[in-house]
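Below you'll find the structure, written out as structure tokens, and then a few comments.
The values are calculated or read from the model by the stated rules, or taken from the named source; none is laboratory data. Note that the coordinates shown come from a computational prediction; the quantities given were computed from them, not determined experimentally. Every residue, glycine among them, receives a Cβ derived from its backbone with ideal geometry; neighbour counts consider all protein chains shown.
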Amino acid sequence: MRHFKTAVCAVALAAFATTASARDLVMNANTSDPAQKQAMEDLIADFEAAYPDIDVKFNLYDHEAFKTAMRNFLVSDAPDLITWNAGNRMKVFVDLGLLEDVSDVWKAEGLYESMPAVVGASSVDGKQYGVPYAYYAWGFYYRKDLFEKAGITETPTNWEEFLEVGAQLNAAGITPVTIGTKNLWPAAGWFDFLNLRINGVEFHADLMDGRVAYTDERVKNVFEKWGELVKADFYIDNHAGYSFQEALPFMNQGEAAMYLLAPFIVSMFPEDVRKQVEWFPFPTIDPEVGIYEDAPTDSFHIPVNAKNKEDARLFLAFAAQADVQTKTAATLDMLPPNVNASVKDDRFAKGGFAQLSKADGIMQFYDRDTDPALARVGMQGFQEFLKNPDRIDQILERIESERARIYGGL
């Protein structure tokens with residue numbers, strides 16, 4: 001694996017060349033699910049094989065324990081590396097002064113060019129504070145056989161075509177979309193995409209950061225566009241009574257044709273249904289607005305109080321390489337942010353990778369991008385809107401009240 005050593009971060013070369021003895025590199029990770037654990041163990045083994053003078057100490061936490069312990073260990077006994085999420089969840093710790101600026105790694109390794117879609121997700125005030133290693137694309141999973149039954153031969157690429165597809169499905173006795181909003185978050189994906197397609201990523205980011213009122217006319221425009229779907233009977237009845245898993249049988253049994261969700265849904269389809277399922281991205285609405293996607297992103301970060309920042313930078317550089325990301329993402333059943341990486345021979349992975357690789361930018365997801373308390377009130381409002389779209393003004397006023405409580409006046 002000698003080729004890995006040729007791509008090390010220039011900033012760390014001097015330290016690597018002058019240190020002869022074995023060096024410890026401590027990583028705290030929240031990757032406790034089986035595939036996540038395997039991916040990290042493989043990545044660490046490959047890194048240690050490439051750099052035998054470095055010994056990685058891997059401390060694994062379950063997700064909730066990691067959230068509880070994270071702020072404490074970042075302050076008092078910081079590891080050299082952590083796994084975390086890009087976007088607002090990262091920004092919280094950047095604003096507290098607890099994560100290292102790693103813009104030097106991005107520059108030395110050409111990551112601005114090789115990972116363009118995640119530049120914004122890893123930056124605060126123009127500086128990079130992490131290196132993403134995997135993400136995944138949201139989009140529409142649909143049953144090709146049900147589309148054909150309704151006389152639909154092509155997937156929609158814009159809003160008008162999307163409305164027409166819904167009309168054709170309804171005419172054929174098939175509900176266009178299944179959704180389970182008992183969990184609240186599935187509806188948030190719809191809001192994200194609609195706002196990104198109508199108002200663009202800068203407005204969406206400002207809204208997530210509390211710098212725009214929910215009573216702003218541009219936000220109301222999003223709900224009015226969303227209301228077109230509700231009034232056209234796009235969604236299954238009683239969706240607030242179903243979890244996202246409980247809404248899946250409507251698609252499995254042929255009663256609904258589409259589901260806007262993430263790739264983890266694929267393994268939940270029975271084999272006979274999976275053969276009929278294909279994927280397409282959320283349609284464009286305003287052709288003047290760029291293509292921005294929801295792509296929850298996992299990343300590596302160096303704490304400001306880390307003891308071995310030089311070798312931590314080596315690890316970031318290693319983990320960002322195309323062939324390394326190819327392997328890591330495949331184990332995770334996710335996608336590599338490096339556009340020079342490869343994805344497994346799978347129609348869903350290839351579709352998502354192509355869409356994200358050409359995206360003008362990404363956001364994480366509503367409840368990752370904004371304050372947790374505001375996210376809950378917002379998602380409750382989304383659920384209510386899907387049941388009662390005529391209550392748009394009351395819903396937005398309630399969400400705005402929470403925004404003002406958390407972020408203050410504008």
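In segment 37-95, which residue that is without any contact (Cβ under 8 Å) to a residue 24 or more places away in the chain and among the β-branched types (Val, Ile, Thr) is farthest from SER299 (Cα to Cα)?
The residue in question is THR68.
Filter segment 318-358 for residues that are small (Gly, Ala, Ser) and touching a helix residue (DSSP H, G or I) at 6+ places or on another chain (Cβ under 6 Å); which is surrounded by the most Cβ atoms within 10 Å (Cβ to Cβ)? Talk me through it step by step, then tell me what you get.
Within segment 318-358, the first condition is being small (Gly, Ala, Ser), and the residues that meet it are 319-320, 322, 329-330, 341-342, 349, 351-352, 354, 357.
Restricting the remaining residues to those that are touching a helix residue (DSSP H, G or I) at 6+ places or on another chain (Cβ under 6 Å) gives 320, 341-342.
On the way: ALA320: 26, ALA341: 23, SER342: 17.
Here the answer is ALA320.
For residues that are assigned to a loop (DSSP other than H, G, I, E, B) and in contact (Cβ under 8 Å) with a residue 12 or more places away in the chain, tally how many sit in segment 169-179. Walk me through how you get there before you give the answer.
From segment 169-179, those assigned to a loop (DSSP other than H, G, I, E, B) are 172-174, 178-179; that's our starting set.
If we keep only those that are in contact (Cβ under 8 Å) with a residue 12 or more places away in the chain too, we end up with 172, 174, 178-179.
Number satisfying all stated conditions: 4.
Take the residues of segment 360-376 that are buried (at least 20 other Cβ atoms within 10 Å of the Cβ) and of a type in the set (A, V, I, L, M): which is farthest from PHE282 (Cα to Cα)?
Checked segment 360-376; the qualifying residue farthest from PHE282 (Cα to Cα) is LEU374.
Mind checking which residues of segment 101-112 are over 20 Å from the mean Cα position of the chain (by Cα) and surrounded by fewer than 22 Cβ atoms within 10 Å (Cβ to Cβ)?
Matches in segment 101-112: ASP101, SER103, ASP104, LYS107, ALA108, GLY110.
With respect to ALA322, determine if the residue is farther than 30 Å from GLN168 by Cα and small (Gly, Ala, Ser).
Numbers: farther than 30 Å from GLN168 by Cα: yes; small (Gly, Ala, Ser): yes.
Yes.
Check ARG218 against each of (1) within 28 Å of GLU164 (Cα to Cα); (2) in contact (Cβ under 8 Å) with a residue 24 or more places away in the chain and name the one condition it does not meet.
Failing condition for ARG218: (2).
Hey, does segment 180-188 have a residue that's assigned to a helix (DSSP H, G or I), touching a strand residue (DSSP E or B) at 6+ places or on another chain (Cβ under 9 Å), within 19 Å of MET251 (Cβ to Cβ) and in the same structural domain as ILE265 (by TED's automatic domain parsing)?
The answer is yes; a qualifying residue exists.
Is it true that PHE280 is over 20 Å from ASP369 (Cβ atoms), assigned by TED's automatic domain parsing to the domain that holds MET27 and touching a Phe, Trp or Tyr at 6+ places or on another chain (Cβ under 9 Å)?
Working: over 20 Å from ASP369 (Cβ atoms): yes; assigned by TED's automatic domain parsing to the domain that holds MET27: no; touching a Phe, Trp or Tyr at 6+ places or on another chain (Cβ under 9 Å): yes.
Here the answer is no, as PHE280 does not meet what is asked.
Hey, could you check segment 192-206 for residues that are over 30 Å from THR153 (Cβ atoms) and touching a residue at least 60 places away in the same chain (Cβ under 8 Å) and say which is surrounded by the fewest Cβ atoms within 10 Å (Cβ to Cβ)?
GLY200
Can you tell me which residues in segment 236-248 are crowded, with 20+ Cβ neighbours inside 10 Å and of a type in the set (Gly, Ala, Ser)?
ALA247, the sole residue that qualifies.
Can you tell me which residue in segment 210-235 is farthest from ARG405 (Cα to Cα), limited to those that are of a type outside the set (Phe, Trp, Tyr) and surrounded by 20 or more Cβ atoms within 10 Å (Cβ to Cβ)?
Step one: of segment 210-235, the residues of a type outside the set (Phe, Trp, Tyr) are 210-213, 215-222, 224-225, 227-233.
Subset that is surrounded by 20 or more Cβ atoms within 10 Å (Cβ to Cβ): 212, 219, 222, 229.
Details: VAL212: 13, VAL219: 19, VAL222: 23, LEU229: 31 Å.
Checked segment 210-235; the qualifying residue farthest from ARG405 (Cα to Cα) is LEU229.
Could we say that GLY126 is within 30 Å of THR83 (Cα to Cα) and surrounded by fewer than 16 Cβ atoms within 10 Å (Cβ to Cβ) here? Spell out how you get there, then give the answer.
Values: within 30 Å of THR83 (Cα to Cα): yes; surrounded by fewer than 16 Cβ atoms within 10 Å (Cβ to Cβ): yes.
Considered against the rule, which asks whether it is within 30 Å of THR83 (Cα to Cα) and surrounded by fewer than 16 Cβ atoms within 10 Å (Cβ to Cβ), GLY126 comes out as yes.
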